[in-house]
Structure formats: C-alpha cells, structure tokens
C-alpha cells in the first residue's frame, strides 16, 4: 500500500511541476526558435503544451496503476483476502450498531 501512495505522491508532484516548467521555459525564451513568435501565439502554444504535459503524466500514472494491479495467484490466496475483507466489514458494522 505504501508503494501505491508513493507513486501517487510522485505523480501529483509531476502534475504540478510539468506545466509550470513548460510555462517557465516558454516565457523566459529557454527554447530556441520561439523568440520570433508573437506574444499571443506564444501564450497559446505554451498553454497547449502545458495541458498536453499534464495529460502525458496522467497517462503514465494510469499505465503504472493498471500494470501494478494485484491479482491473487491462487484460489486459497483469493479466498483468504475475501475472508479478511468480510471480517473487517462485519466488525465495522458491529461497532456502528453499538
């Protein structure tokens, strides 16, 4: 579980950092060949690239989440996880009734 939380945290940081880095690069002429563009075109292009960068980061997160999907390797393991889940639900229902 800690691995999933760590991956989510890292992905969240990239979702914040990627568009800010793109906008910074466009606004401070860090990318060659963009100085000839008009300010209006530069703003539109930087916004579009920032949005695309966020979508790419989210796509990678979805890919990693699907790839790391935990599936039981045996019927006994599946039954044990369902039993554990059902015991937890029963205990929480009993505590709510009190």
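Kindly evaluate residue 65 against the criterion of being assigned to a helix (DSSP H, G or I) and more than 18 Å from residue 3 (Cα to Cα).
Numbers: assigned to a helix (DSSP H, G or I): yes; more than 18 Å from residue 3 (Cα to Cα): no.
In short, no.
If you go through segment 1-26 one residue at a time, how many are in contact with a helix residue (DSSP H, G or I) (Cβ under 7 Å, 6 or more places away or on another chain) and either within 15 Å of residue 46 (Cβ to Cβ) or without any contact (Cβ under 8 Å) to a residue 40 or more places away in the chain (or both)? Reasoning before the result, please.
In the first step, residues of segment 1-26 are kept if they are in contact with a helix residue (DSSP H, G or I) (Cβ under 7 Å, 6 or more places away or on another chain); the result is 7, 11, 14-15, 18-19, 22-23, 26.
From what's left, either within 15 Å of residue 46 (Cβ to Cβ) or without any contact (Cβ under 8 Å) to a residue 40 or more places away in the chain (or both): 18-19, 22-23, 26.
Qualifying residue count for the region: 5.
Against the definition (surrounded by 11 or more Cβ atoms within 10 Å (Cβ to Cβ), assigned to a helix (DSSP H, G or I) and at pLDDT 90 or above), how does residue 59 come out, yes or no? Spell out how you get there, then give the answer.
On the way: surrounded by 11 or more Cβ atoms within 10 Å (Cβ to Cβ): no; assigned to a helix (DSSP H, G or I): yes; at pLDDT 90 or above: yes.
Judged against the criteria, residue 59 is not a match.
Which of the following residues is modelled with pLDDT under 90 and surrounded by 12 or more Cβ atoms within 10 Å (Cβ to Cβ): 50, 76, 4, 91?
Details: 50 fails: modelled with pLDDT under 90; 76 fails: surrounded by 12 or more Cβ atoms within 10 Å (Cβ to Cβ); 91 fails: surrounded by 12 or more Cβ atoms within 10 Å (Cβ to Cβ).
Step by step, each of 50, 76, 4, 91 is checked, and only 4 is modelled with pLDDT under 90 and surrounded by 12 or more Cβ atoms within 10 Å (Cβ to Cβ).
The values are calculated or read from the model by the stated rules, or taken from the named source; none is laboratory data. Remember, predicted model here, so these are calculated numbers, not experimental data. As a convention, Cβ positions derive from the backbone with ideal geometry for all residues, glycine included, and neighbour counts pool all protein chains shown.
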